[in-house]
Amino acid sequence: MSKETIKMKITVEKLVMADIDKVWNAWNNPEDIKQWNSASDDWHTTDSKVDLREGGKFSSRMEAKDGSAGFDFEGIYTRVEEPKLIEYKLTDDREVKVTFDERDGGVLVTESFDAESQNSAEIQRGGWQAILDNFAKHVESKGGARSATQ
């Protein structure tokens with residue numbers, strides 16, 4: 001075969017104990033993103049922009065809290081089906097798919113993404129899983145449990 005090597009997909013998932021609207025809104029609201037988007041306590045997201053529509057751009061500025069490093073995580077939305085699916089392409093052409101499936105009294109958030117070549121699959125999976133775990137903690141700490149009024 002003369003084709004380029006097939007990109008490896010990595011998948012992470014987390015059951016978030018909240019209703020679909022809370023989960024969707026926290027995933028896509030720049031103020032919320034700044035509160036949950038980090039893989040460890042020594043990093044944070046200092047800025048976030050979201051234009052949630054096909055062809056719309058997003059960006060999150062991620063920085064070490066000590067100022068020693070930082071990078072922009074950005075791309076373009078290629079498919080948006082509120083509140084079930086988001087697909088996007090990162091600036092390095094990697095593709096990401098995020099699904100939001102209501103189940104078991106919460107929402108199963110699943111992210112599948114093309115691996116990059118600089119870090120091992122284990123490191124990438126661990127980082128993305130840590131961010132997803134932080135997302136769940138953030139949503140659930142905001143009174144994310146399903147309420148009778150919603």
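The values are calculated or read from the model by the stated rules, or taken from the named source; none is laboratory data. This is a predicted model, so every value here is computed, not measured. We place every Cβ from the backbone using ideal geometry, glycine too, and count neighbours over all the protein chains shown.
Values as computed for the structure displayed
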quantity: Subset of the stretch 76-100 (residues that are of a type in the set (D, E, K, R) and farther than 19 Å from residue 131 by Cβ); calculated: 79, 81, 82, 84, 93
quantity: Top-ranked residue of the stretch 7-62 - restricted to ones that are surrounded by 18 or more Cβ atoms within 10 Å (Cβ to Cβ) and in contact with a Gly (Cβ under 7 Å, 6 or more places away or on another chain), ranked as farthest from residue 75 (Cα to Cα); calculated: 18
quantity: Whichever residue in the stretch 95-150 is part of a loop (DSSP other than H, G, I, E, B) and within 15 Å of residue 24 (Cβ to Cβ) and, among such residues, is modelled with the lowest pLDDT; calculated: 150
quantity: Selection status of residue 111, surrounded by 14 or more Cβ atoms within 10 Å (Cβ to Cβ) and in contact with a helix residue (DSSP H, G or I) (Cβ under 8 Å, 6 or more places away or on another chain); calculated: yes
quantity: Residues satisfying the stated conditions in the stretch 58-73, i.e. within 17 Å of residue 28 (Cα to Cα) and not small (Gly, Ala, Ser); calculated: 58, 61, 62, 72, 73
quantity: Sole exception among (1) of a type outside the set (Phe, Trp, Tyr); (2) under 14 Å from residue 82 (Cβ atoms); (3) touching a Lys or Arg at 6+ places or on another chain (Cβ under 7 Å) for residue 23, by number; calculated: (3)
